[in-house]
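Novice: Got a structure for you, written out below as structure tokens; questions coming shortly.
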Amino acid sequence: MSSSCSGLSRVLVAVAAALVSASSPCPQAWGPPGVQYGQLGRALMLCCPGVTAGAPVSWFRDGETRLLQGPASGLGPKLVLARAESTDEGTYTCRTLDGALRGMVTLRLGYPPARPVVSCRAADYENFSCTWSPSQVSGLPTRYLTSYRKKTVPGADGQRMSPSTGPWPCLQDPPGAARCIVHGAEFWSQYRINVTEVNPLGASTRLLDVSLQSILRPDPPQGLRVESVPGYPRRLRASWTYPASWPRQPHFLLKFRLQYRPAQHPAWSTVEPAGLEEVITDAVAGLPHVVRVSARDFLDAGTWSSWSPEAWGTPSTEPLPKEIPVGDQQHTQTEEEPQADSPAPPKPSLLPDPQPLDHRDPLEQVAVLASLGIFSFLGLVAGALALGLWLRLRPDEKDGPQKSGLLAPMISVDKLPGVPNL
């Protein structure tokens, strides 16, 4: 039974050796010398360094005396693992027939690279950066190759994209960082980003097409300050500046969005200021408020920035200052509440004031008089029109005998006694 099992294992090793030899006789060096890499769950081959092809060697795990593969295997200086497992990682030694140490190999196992996850963002309208992360952890040393091409639209119709111009390297700053920067980009152009993940088992590429106006996202505003307004217990003044990364040009401006809330309330109130400051007029008196602000391109290109660091402020509890003229200068006097030991102010008189109160504005009086004159004129015109219409429609007395009406006399005047006939 044991002989049949050993025979079967030899057959499997021979098949694995044939497959590995057909694909890659010996892995190429990648990284530090004396280290070889392989994929978990796959057959792999270790090569004894410094031994000519066909020379028989014996393989051992470092620090162990158990023979892994002897000279009679017919594989020469190669060690074949039919299915690499995580327990197979470590250091292996190879020895010649006389027992002399010929070399040492360290085996590291992992997975081939997968297409990385790439995203790009423009903090201004001249430069943009791209960042990436592995979509699968390979467990092996990995590096990234980054480049970009500019894509242009030929002709007026713009139906097809012309061949890309470039490629140019997308500089990783600092070298080896998961971020590269493109300087001097054109705001209305499109770009194709190439990020290739490379490790000892292969390479995988991700292509991403971006336009600067779609990935525009400014940095948060800076220098946010919140100050109280003296004399106004429900007002706060917030001010800020443009982010340092945004070039100040008259044709590329930012608009802003401000949020605030009392410290004890979870809901935010939002306003969109017209400039670089905003006066909050509905603050809660006596409570500290938290304020934050974000920015966006004024033509709504891209998206809003992240929120600025929060700033705090409490409305003023001081009374409103009052200006009293003293000579040729204005003297500011604060209206203070009377102290307990100070004399009370005089009470207003209850007697009627002989002078009539008339606080109306002269312009208001002129407007009232003009309105009355217009209405009077319109009334006269309407009356004249009505009188003319009545006179036009009234029956003429010369057209026929007058009909006796209700007020006509019962006896004719010429029939009365004593009245001479005329």
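Novice: Heavy atoms of the protein only, probe of 1.4 Å, neighbouring chains included. What is the accessible area of Lys151 in Å², nearest 10?
Specialist: 30
Novice: Could I ask something else about it? By what distance, in whole Å, do the Cα atoms of the stretch 26-110 stretch along each of the three principal axes, largest value first?
Specialist: So the three principal-axis extents are 34, 24, 23 Å.
Novice: In addition: If you take the charge dipole of the stretch 222-313 about its Cα centre, with +1 on Lys and Arg Cβ and -1 on Asp and Glu Cβ, which of Ser306, Pro247, Trp268 is farthest toward its positive end?
Specialist: So the residue we want is Trp268.
Novice: Going toward the positive end of the dipole of the stretch 175-316, with +1 on Lys and Arg Cβ and -1 on Asp and Glu Cβ, which of Leu201, Val229, Gly184 do you reach last?
Specialist: Val229
Novice: How do the peptides 270-277, 370-377, 229-236 rank, highest first, by the average count of neighbouring beta carbon atoms within 10 Å per residue?
Specialist: Order by mean packing, descending: 229-236, 270-277, 370-377.
Novice: Please state, to two decimals, what the Cα-based radius of gyration of the stretch 222-313 comes to when divided by 2.2 N^0.38 Å (N = residues).
Specialist: Working it through for the stretch 222-313, the quotient is 1.12.
Novice: Can I ask one more? Along the stretch 290-295, what does the Karplus equation 6.51 cos²θ - 1.76 cosθ + 1.60 (θ = phi - 60°) give for ³J(HN,Hα), rounded to whole Hz, x for Gly and Pro?
Specialist: Result, rounded to whole Hz: 9, 10, 8, 9, 9, 9.
Novice: While we're on this one: Ignoring ligands, DNA and RNA, what percent of the 1.4 Å accessible area of the stretch 204-245 is carbon and sulfur?
Specialist: 44
Novice: Could you run the Karplus curve 6.51 cos²θ - 1.76 cosθ + 1.60 with θ = phi - 60° over the stretch 93-99 and give me ³J(HN,Hα) per residue in whole Hz, x for Gly and Pro?
Specialist: Karplus-based 3J(HN,Hα) across the stretch 93-99 equals 10, 10, 10, 7, 5, 7, x Hz.
Novice: Leaving out ligands, DNA and RNA, and with a 1.4 Å probe, what % of the accessible surface on the stretch 26-110 is carbon or sulfur?
Specialist: 52
Novice: Can you give the charge dipole size of the stretch 26-110 about its Cα centre, rounded to the nearest 20 debye, using +1 on the beta carbon of Lys and Arg and -1 on the beta carbon of Asp and Glu?
Specialist: The dipole magnitude comes to about 140 debye.
Novice: Enumerate the amide H contacts of Arg102 below 5 Å, restricted to partners 5 or more residues apart or on another chain; note that Pro and chain-start residues carry no placed amide H.
Specialist: Under 5 Å from the amide H of Arg102: Cys94, Arg95, Thr96.
Novice: Could the peptides 219-227, 309-317 be put in order, highest first, of the mean number of other beta-carbon atoms found within 10 Å of their residues?
Specialist: Highest mean packing first, the order is 219-227, 309-317.
Novice: Here is a follow-up. Pulled fully out, how much extra length does the chain show between Ala285 and Thr65, if you take 0.36 nm times their separation in residues and subtract their Cα-Cα distance?
Specialist: Result: 70.9 nm gained on full extension.
Novice: Additional query: Once each part is reduced to its C-alpha centroid, what is the distance from the stretch 178-211 to the stretch 64-102 in angstrom?
Specialist: 43
The values are calculated or read from the model by the stated rules, or taken from the named source; none is laboratory data. Please read all numbers here as calculations on a predicted model, not as lab measurements. Methodologically, a virtual Cβ is constructed for each residue, glycine included, from the backbone with ideal geometry; neighbour enumeration extends over all protein chains shown. We work out accessible area using only protein heavy atoms, side chains counted, and drop any ligands, DNA or RNA first. Shrake-Rupley method; radii C 1.70, N 1.55, O 1.52, S 1.80 Å.
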